[in-house]
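Working notes for the structure below.
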Amino acid sequence: NAGVMQNPRHLVRRRGQEARLRCSPMKGHSHVYWYRQLPEEGLKFMVYLQKENIIDESGMPKERFSAEFPKEGPSILRIQQVVRGDSAAYFCASSTDRSKNIQYFGAGTRLSVL
Amino acid sequence: GENVEQHPSTLSVQEGDSAVIKCTYSDSASNYFPWYKQELGKRPQLIIDIRSNVGEKKDQRIAVTLNKTAKHFSLHITETQPEDSAVYFCAASTSSPGQDMRFGAGTRLTVKP
């Protein structure tokens with residue numbers, strides 16, 4: 001079991017560009033969660049998805065941010081027109097149907113906006 | 001929604017001493033309380049969890065206690081070692097669809113040799 005895979009591990013973007021972060025959940029996991037972590041701070045919930053459905057996006061900014069988890073392929077967190085304040089570590093976690101509380105984290109994507 | 005508060009934000013102990021980190025939560029429907037350890041530059045890793053049908057759980061040097069009435073839970077690490085140094089996060093969630101996990105702000109634990 002390869003665990004939760006995130007790529008890229010590091011992403012550098014200039015202001016105004018788009019950032020795409022990918023997350024492949026653990027095998028057998030159908031629930032995906034995205035979190036943002038600013039330096040020296042905690043994990044802020046952004047969005048919770050199941051296959052083809054957004055369950056809870058209450059933590060995601062209304063503009064520029066979107067997430068999807070298609071039937072095939074990884075979950076994508078997309079940030080359009082990035083600004084310096086978007087610089088952070090973005091972690092993805094996944095869980096199963098039966099124990100959807102228990103979340104396993106990926107290694108994260110560190111986004112730097114120049 | 002759920003609000004989780006965690007204290008202290010930093011904690012420094014001597015090797016061999018015990019460390020205690022406390023969290024409170026606001027949603028009485030929360031029934032699952034995990035603790036994650038995050039080393040510098042690494043992913044958060046689940047170290048122990050507890051569900052609301054038990055009051056205490058222990059795994060070697062780590063234990064977690066839960067007081068549902070008071071809505072607080074604590075992490076206890078005994079015989080601390082330098083490799084315990086990390087940031088620890090508590091979290092709370094329910095099993096209801098659409099209700100997701102909320103994390104505390106974290107505690108930076110330093111174990112001095």
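Just so it is clear, none of the values below were taken in a lab; they were calculated from the coordinates. No experiment lies behind these values; they were computed from the predicted model shown. Glycine gets a Cβ as well: all are built from the backbone with ideal geometry, and neighbour counts include every protein chain shown.
For the stretch A:1-23, enumerate the residues that are farther than 19 Å from B:R43 by Cα and of a type outside the set (S, T, N, Q).
Taking the stretch A:1-23 and keeping what is farther than 19 Å from B:R43 by Cα, we get A:12-20.
Within the stretch A:1-23, A:V12, A:R13, A:R14, A:R15, A:G16, A:E18, A:A19, A:R20 meet the criteria.
What number of residues in the stretch B:15-32 are touching a Phe, Trp or Tyr at 6+ places or on another chain (Cβ under 7 Å) and without any contact (Cβ under 8 Å) to a residue 60 or more places away in the chain?
Within the stretch B:15-32, the subset touching a Phe, Trp or Tyr at 6+ places or on another chain (Cβ under 7 Å) is B:21, B:23.
From what's left, without any contact (Cβ under 8 Å) to a residue 60 or more places away in the chain: none.
Count: 0.
Rundown of residues vs (1) assigned to a strand (DSSP E or B); (2) surrounded by 18 or more Cβ atoms within 10 Å (Cβ to Cβ), yes/no style:
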| residue | (1), (2) |
| --- | --- |
| B:G16 | no, no |
| B:A29 | no, no |
| B:F33 | yes, yes |
| B:R43 | no, yes |
| B:T69 | no, no |
| B:L75 | yes, yes |
| B:E79 | no, no |
| B:Y88 | yes, yes |
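Out of all the residues in the stretch B:48-62, is one or more closer than 19 Å to A:G42 by Cβ, surrounded by 14 or more Cβ atoms within 10 Å (Cβ to Cβ) and of a type in the set (S, T, N, Q)?
The first filter runs over the stretch B:48-62 and keeps only residues closer than 19 Å to A:G42 by Cβ, leaving B:48-49.
Imposing the further condition that a residue be surrounded by 14 or more Cβ atoms within 10 Å (Cβ to Cβ) reduces the set to B:48-49.
Checking the rest, the ones that are also of a type in the set (S, T, N, Q) come to none.
Looking through the stretch B:48-62, none of the residues is closer than 19 Å to A:G42 by Cβ, surrounded by 14 or more Cβ atoms within 10 Å (Cβ to Cβ) and of a type in the set (S, T, N, Q).
For the structure I just gave you, tell me whether B:L40 is within 14 Å of chain A (Cβ to nearest Cβ), in contact (Cβ under 8 Å) with a residue 12 or more places away in the chain and more than 13 Å from the chain's Cα centre (by Cα). Give the steps one after another, and end with the answer.
Working: within 14 Å of chain A (Cβ to nearest Cβ): yes; in contact (Cβ under 8 Å) with a residue 12 or more places away in the chain: yes; more than 13 Å from the chain's Cα centre (by Cα): yes.
Considered against the rule, which asks whether it is within 14 Å of chain A (Cβ to nearest Cβ), in contact (Cβ under 8 Å) with a residue 12 or more places away in the chain and more than 13 Å from the chain's Cα centre (by Cα), B:L40 comes out as yes.
Just to confirm my filter: which strands (runs of 3 or more DSSP E) fall fully inside chain A and include at least 3 residues that are touching a Leu at 6+ places or on another chain (Cβ under 7 Å), closer than 16 Å to B:D100 by Cβ and in contact (Cβ under 8 Å) with a residue 12 or more places away in the chain?
The qualifying strands (runs of 3 or more DSSP E) are A:31-37.
Does B:R108 qualify as being within 21 Å of B:G41 (Cβ to Cβ) and among the basic types (K, R)? I'd like the intermediate steps shown before the answer.
On the way: within 21 Å of B:G41 (Cβ to Cβ): yes; among the basic types (K, R): yes.
It is true that B:R108 is within 21 Å of B:G41 (Cβ to Cβ) and among the basic types (K, R).
Out of A:R22, A:R15, I need the residue that is touching a helix residue (DSSP H, G or I) at 6+ places or on another chain (Cβ under 9 Å), away from chain B (no Cβ under 14 Å) and over 27 Å from B:E5 (Cα atoms). Which one?
On the way: A:R22 fails: touching a helix residue (DSSP H, G or I) at 6+ places or on another chain (Cβ under 9 Å).
On inspection, the qualifying residue turns out to be A:R15.
Considering only the stretch B:18-27, state which residues are away from chain A (no Cβ under 12 Å) and either among the hydrophobic types (A, V, I, L, M, F, W, C) or loosely packed, with under 13 Cβ neighbours inside 10 Å (or both).
As a first pass, look at the stretch B:18-27 and keep what is away from chain A (no Cβ under 12 Å): B:18-22, B:24-27.
Within the stretch B:18-27, B:S18, B:A19, B:V20, B:I21 qualify.
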